[in-house]
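Participant: Let me give you the structure first, and then I'll get to my questions.
The values are calculated or read from the model by the stated rules, or taken from the named source; none is laboratory data. Quick caveat, the model's predicted, so the values are computed rather than measured. Positions of Cβ are generated from backbone atoms using ideal geometry, with glycine treated the same way; all protein chains shown enter the neighbour counts.
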Amino acid sequence: MKPELVTKLTQQLGRYNVNDIHADTVMQHRLPNRESISQVCDLFLSVLFPGFFNAVQVGRADLSSYSRKNLYEIDYILCEQICLARRYDCSSHGDELPSDLVDNTKGILEAFFERLPEVGKLISTDVKAAFDNDPAACSHEDIILSYPCIMAIGIYRVAHELYKLDIPLIPRIMTEIAHSNTGIDIHPGATIDESFFIDHGTGVVIGETCIIGKHCVLYHGVTLGAFNPLFRNEEGELPRGQSNKRHPTLEDHVVVYPGATILGGDTLIGHHSVIGGNVWLTKSVEANSVVTIEDPKLNVKTRNKKK
């Protein structure tokens, strides 16, 4: 390759956008590492499901020490990655970093780890929900080892706790890693209650301000999304974050079949409702509703068979 071409490419590609206001900040700070966060996701699955995701066979007597080792490793990696994320976030927004960043982050992580037993209980209800709702499931072990929804929901539930602690970057990276591996896109800001099941899963999208109640079931290709964000504030920016409810709410025991799209922050699906496949829904429905589209008119012809 010619040296002048290399120079030209490095100038053009060295930054993701030379005009971006955060470009200099990115160059000045080491960012969180996606591979390290992916490792953390794997370690969390090993802790949440002891004996299922271990690279080596671990006897019952050794499970506790094995999980303890994984937790210490998670703590070490997450502390470093969260410090990197917070340093970048403060710099890019012009905020002041805590003088004791590492100790402050360790305190946040302590609060996070206190929540893990509750996260484990929630995930166990998700496994049971998968078994109760899928006649193809042979056992809980079958579900944990092979169902993509368990990885996606498990990592979401961990990331959600970090999101609630205002950790920048890391929660979204975690759920996008799960998205890449499973085809299920759950924003860490979504609020999802117990006994949640996603059947098949590919193409499911759950937005940041979604609220999903107990015992809800989604099938593949379901979108719980927002309208095209045409509204902007006086500065021309989009309203962001949890304060701007953009995504729908599903009450308890709602089932949404494949390909359905439900949009809007004011859209509420009442409890024990069923939303049929390929429905496009932008308004609320009361409890115990069944929403379907009319069957399309089929045109069936008999082909002339060749003699």
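Participant: Within the range 280-307, take every residue that is surrounded by fewer than 16 Cβ atoms within 10 Å (Cβ to Cβ) and among the aliphatic types (A, V, I, L, M) and give me the one that is farthest from residue 217 (Cα to Cα).
Facilitator: Ranking the qualifying residues of the range 280-307, first place goes to 300.
Participant: For residues that are touching a helix residue (DSSP H, G or I) at 6+ places or on another chain (Cβ under 8 Å) and of a type outside the set (D, E, K, R), tally how many sit in the range 117-149.
Facilitator: Final tally of qualifying residues: 15.
Participant: Tell me, please, whether a residue that is in contact with a helix residue (DSSP H, G or I) (Cβ under 6 Å, 6 or more places away or on another chain), hydrophobic (A, V, I, L, M, F, W, C) and surrounded by 13 or more Cβ atoms within 10 Å (Cβ to Cβ) can be found in the range 224-232.
Facilitator: Looking through the range 224-232, none of the residues is in contact with a helix residue (DSSP H, G or I) (Cβ under 6 Å, 6 or more places away or on another chain), hydrophobic (A, V, I, L, M, F, W, C) and surrounded by 13 or more Cβ atoms within 10 Å (Cβ to Cβ).
Participant: Restricting to the range 239-260, what's the tally of residues that are in contact with a Leu (Cβ under 7 Å, 6 or more places away or on another chain) and assigned to a strand (DSSP E or B)?
Facilitator: The total comes to 2.
Participant: For residue 177, all conditions in the list (1) assigned to a loop (DSSP other than H, G, I, E, B); (2) buried (at least 20 other Cβ atoms within 10 Å of the Cβ) hold save one; what is the number of the exception?
Facilitator: Checking residue 177 against (1) assigned to a loop (DSSP other than H, G, I, E, B); (2) buried (at least 20 other Cβ atoms within 10 Å of the Cβ), the one that fails is (1).
Participant: Looking at (1) surrounded by 17 or more Cβ atoms within 10 Å (Cβ to Cβ); (2) β-branched (Val, Ile, Thr); (3) free of Cβ contacts under 8 Å to residues at least 40 places away in the same chain, find the lone condition where residue 217 falls short.
Facilitator: So residue 217 meets the others, but not (3).
Participant: Count, please, the residues in the range 261-279 that happen to be among the small types (Gly, Ala, Ser), in contact with a Pro (Cβ under 9 Å, 6 or more places away or on another chain) and either farther than 10 Å from residue 222 by Cα or not in a loop (DSSP other than H, G, I, E, B) (or both).
Facilitator: Here the count works out to 2.
Participant: Follow-up question, since we're still on this one. What residue, of 111, 136, 152, is outside the structural domain of residue 222 (by TED's automatic domain parsing), closer than 24 Å to residue 254 by Cα, in a helix (DSSP H, G or I) and of a type in the set (Gly, Ala, Ser)? It would help to see each step written out before you state the result.
Facilitator: Numbers: 111 fails: closer than 24 Å to residue 254 by Cα; 136 fails: in a helix (DSSP H, G or I).
Answer to the check: 152.
Participant: Restricted to the range 180-207, and to residues that are crowded, with 19+ Cβ neighbours inside 10 Å, of a type in the set (Gly, Ala, Ser) and more than 30 Å from residue 91 (Cα to Cα), which residue is farthest from the chain's Cα centre (by Cα)?
Facilitator: Out of the qualifying residues, it is 195.
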